[in-house]
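> I'd like to ask you about the structure that follows.
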Amino acid sequence: MAEVKEIKINKNKNDIYILGIETSCDDTCASVVRNGNDILSNVVSSQNEIHEKYGGVVPEIASRKHLEMIDIVIKEALLKAGIESSQISTVSVTNRPGLLGSLLVGAGAAKAFCYFKNIPLITVNHLKAHIYANVLANPGIKGRAISLIVSGGHSSLYIMDEEFNIKEIGHTVDDAVGEAYDKIARYLGLGYPGGPVIDKIAKNGNPQFVNFTRPMTQSGDYNFSFSGIKTALIYLTKKNPDMLKEENLADITASFQAAAVDVLVMKTIKAAREFKTDKILVSGGVAANSRLREQFEIAGRENKISVHIPPVFLCMDNAAMVAALGYQHYIKKEFSDLSADVFSRTDF
């Protein structure tokens, strides 16, 4: 695509409207955010019903659906925000990490918008945007913090400094926690995605019904492992088929969830202590889980650590967090070229 030689930048003191676009996985998202923290619209087109019969996201199907929906979602975001496309100051789009085909759709739409409106392009890291969702929800957050990202593809711990520089200190060595939820739900015949359905069923269960091992809590590092809990549940129920009766499902799912959440909370609190910070930021789709939120609230109170978790709609993939993070790049004039690529993996 031809490079725009003279980019129009909003230099006056009027409001700055940023169009955010997020297509890193299977949700087609667009949002308009004013001045970095005022969400005027936040549109999400979910593909859950499409991928449910496969028990997980099929990359080729996801990218094709993005192609069908991206223009519709962008137009709806502008309409709900009550502004014209000519008022957009910049487009902020996720370009890493994620499914390459999906990322290409969002990046292509962002580049086309910027090219025809002659405005700058901003590319952002999907994981950093998830972390920044906490700042969007709580603008007063400042200083050093431990950040936990939990989703279908990520279970990682980061240390963040006062300038929002982020360094990974731990990650899952096998399944991400959200992936483990999906696999357990598929095994139990509960549907997809697994996180919300297990969370709902487990609320009526006994979390001590099965005392699953809490993996890697004594490993001496900040890494996670969730494959073992999943395997233990499968082996246990195959050995004792009666456990799979409907009356036991709530107890089984509650026990699995308790083990997974305990590991996440214990290791995150440990990291906050050892890195001497009194602040924890939790983000990602699994941060919507009710038990995770409850247990972090309890642990934070007991350890005198402030725990921040965004509202549920900002935990899931969304473009508001992408636009809000893009605002920080905009005011620093940190723009991307229209030839900017997309990447399946990431670093900070």
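The values are calculated or read from the model by the stated rules, or taken from the named source; none is laboratory data. As the structure is a computational prediction, the values presented were derived from the model and not from experiment. For neighbour counting, all protein chains shown are included, and Cβ atoms are generated from backbone atoms with ideal geometry for every residue, glycine included.
> Could we say that S147 is surrounded by 22 or more Cβ atoms within 10 Å (Cβ to Cβ), in contact with a strand residue (DSSP E or B) (Cβ under 6 Å, 6 or more places away or on another chain), within 17 Å of I18 (Cβ to Cβ) and not hydrophobic (A, V, I, L, M, F, W, C) here? Please lay out each step first, then the result.
On the way: surrounded by 22 or more Cβ atoms within 10 Å (Cβ to Cβ): yes; in contact with a strand residue (DSSP E or B) (Cβ under 6 Å, 6 or more places away or on another chain): yes; within 17 Å of I18 (Cβ to Cβ): no; not hydrophobic (A, V, I, L, M, F, W, C): yes.
No: the conditions fail for S147.
> While we're looking at this one, here's another question. Give the residues of region 22-63 that are among the hydrophobic types (A, V, I, L, M, F, W, C) and either at pLDDT 90 or above or under 22 Å from K111 (Cβ atoms) (or both), sorted by residue number. So that I can check it myself, show each step before the final result.
Let us first name the residues in region 22-63 that are among the hydrophobic types (A, V, I, L, M, F, W, C), namely 25, 29-30, 32-33, 39-40, 43-44, 50, 57-58, 61-62.
Result: C25, C29, A30, V32, V33, I39, L40, V43, V44, V58, I61, A62.
> Can you give me the ranges of the helices (runs of 4 or more DSSP H) entirely in region 273-348 with at least 2 residues that are in contact with a Phe, Trp or Tyr (Cβ under 7 Å, 6 or more places away or on another chain)? Spell out the reasoning first.
Details: elements: 290-303, 312-315, 320-331.
Fully inside region 273-348 and qualifying: 320-331.
> Something else: Starting from region 19-40, take each residue that is within 18 Å of S63 (Cα to Cα) and list its partners that are crowded, with 24+ Cβ neighbours inside 10 Å and among the charged types (D, E, K, R), counting only C-beta distances under 7 angstrom and pairs at least six apart or across chains.
E22/D317; S24/D317; C25/D317; D27/D317; C29/E22; C29/D317
> Filter region 219-229 down to the residues that are touching a residue at least 40 places away in the same chain (Cβ under 8 Å) and assigned to a loop (DSSP other than H, G, I, E, B) and list them by number.
Answer for region 219-229, where residues must be touching a residue at least 40 places away in the same chain (Cβ under 8 Å) and assigned to a loop (DSSP other than H, G, I, E, B): D221, Y222, N223, S225, F226.
> Scan region 87-103 for residues that are among the polar types (S, T, N, Q) and either free of Cβ contacts under 8 Å to residues at least 40 places away in the same chain or crowded, with 20+ Cβ neighbours inside 10 Å (or both) and jot them down. Even if it seems obvious, please write down each step before you answer.
Keep residues of region 87-103 that are among the polar types (S, T, N, Q), which gives 87, 89-90, 92, 94-95, 102.
Those that are among the polar types (S, T, N, Q) and either free of Cβ contacts under 8 Å to residues at least 40 places away in the same chain or crowded, with 20+ Cβ neighbours inside 10 Å (or both): S89, T90, S92, T94, N95, S102.
> Follow-up. Residue check: is I234 farther than 30 Å from G140 by Cα, among the β-branched types (V, I, T) and buried (at least 21 other Cβ atoms within 10 Å of the Cβ)?
Values: farther than 30 Å from G140 by Cα: yes; among the β-branched types (V, I, T): yes; buried (at least 21 other Cβ atoms within 10 Å of the Cβ): no.
Against the criterion (farther than 30 Å from G140 by Cα, among the β-branched types (V, I, T) and buried (at least 21 other Cβ atoms within 10 Å of the Cβ)), I234 does not qualify.
> Just the residues that are within 16 Å of Q295 (Cβ to Cβ) and not in a helix (DSSP H, G or I), please, taken from region 230-272.
Across region 230-272, there are no qualifying residues.
> Now a separate question. More than 26 Å from N14 (Cα to Cα), among the aliphatic types (A, V, I, L, M) and either at pLDDT 95 or above or within 18 Å of the chain's Cα centre (by Cα) (or both), is that true of I70?
Details: more than 26 Å from N14 (Cα to Cα): yes; among the aliphatic types (A, V, I, L, M): yes; either at pLDDT 95 or above or within 18 Å of the chain's Cα centre (by Cα) (or both): yes.
Judged against the criteria, I70 is a match.
> Taking V263, is it surrounded by 17 or more Cβ atoms within 10 Å (Cβ to Cβ), within 30 Å of S46 (Cβ to Cβ) and of a type in the set (V, I, T)? Lay out the reasoning, then the answer.
Numbers: surrounded by 17 or more Cβ atoms within 10 Å (Cβ to Cβ): yes; within 30 Å of S46 (Cβ to Cβ): yes; of a type in the set (V, I, T): yes.
Here the answer is yes, as V263 does meet what is asked.
> Could I ask something else about it? Kindly indicate the residue of region 291-340 that is of a type in the set (S, T, N, Q) and farther than 17 Å from N134 by Cα and also nearest to the chain's Cα centre (by Cα) among those meeting that condition.
Of all residues in region 291-340, those of a type in the set (S, T, N, Q) come to 295, 303, 306, 318, 328, 336, 339.
Checking the rest, the ones that are also farther than 17 Å from N134 by Cα come to 295, 303, 336, 339.
Values: Q295: 19, N303: 26, S336: 23, S339: 26 Å.
Once the filter is applied, the top-ranked residue is Q295.
> With respect to Q208, determine if the residue is at pLDDT below 95 and not in a helix (DSSP H, G or I).
So Q208 fails the test.
> Got a sec? Which of Y327, Y222 is assigned by TED's automatic domain parsing to the domain that holds S31, crowded, with 17+ Cβ neighbours inside 10 Å and of a type in the set (F, W, Y)?
Y327
> Just the residues that are part of a loop (DSSP other than H, G, I, E, B), exposed (fewer than 15 other Cβ atoms within 10 Å of the Cβ) and not acidic (D, E), please, taken from region 47-86. Please lay out each step first, then the result.
From region 47-86, those part of a loop (DSSP other than H, G, I, E, B) are 47, 53-58, 82-84; that's our starting set.
Pick out the ones that are also exposed (fewer than 15 other Cβ atoms within 10 Å of the Cβ) and you get 53-54, 82, 84.
Listed by number, the residues that qualify are K53, Y54, G82.
> Out of E162, E168, report the one residue that is over 18 Å from R293 (Cβ atoms), touching a residue at least 12 places away in the same chain (Cβ under 8 Å) and out of contact with any strand residue (DSSP E or B) (no Cβ under 6 Å at 6 or more places or on another chain). Steps first, please.
Working: E168 fails: out of contact with any strand residue (DSSP E or B) (no Cβ under 6 Å at 6 or more places or on another chain).
E162 is the lone residue from the list that is over 18 Å from R293 (Cβ atoms), touching a residue at least 12 places away in the same chain (Cβ under 8 Å) and out of contact with any strand residue (DSSP E or B) (no Cβ under 6 Å at 6 or more places or on another chain).
> Criterion first (without any contact (Cβ under 8 Å) to a residue 60 or more places away in the chain, assigned by TED's automatic domain parsing to the domain that holds I169 and at positive phi) does M216 satisfy it? So that I can check it myself, show each step before the final result.
Numbers: without any contact (Cβ under 8 Å) to a residue 60 or more places away in the chain: yes; assigned by TED's automatic domain parsing to the domain that holds I169: yes; at positive phi: yes.
So M216 fits the description; yes.
> While we're on this one: How many residues, within region 32-56, are out of contact with any Gly (no Cβ under 8 Å at 6 or more places or on another chain) and of a type in the set (A, V, I, L, M, F, W, C)? Please lay out each step first, then the result.
Quick first cut of region 32-56, residues out of contact with any Gly (no Cβ under 8 Å at 6 or more places or on another chain) only: 34-39, 41-51, 53-56.
With the extra rule that they be of a type in the set (A, V, I, L, M, F, W, C), the set shrinks to 39, 43-44, 50.
Residues in region 32-56 being out of contact with any Gly (no Cβ under 8 Å at 6 or more places or on another chain) and of a type in the set (A, V, I, L, M, F, W, C): 4 in total.
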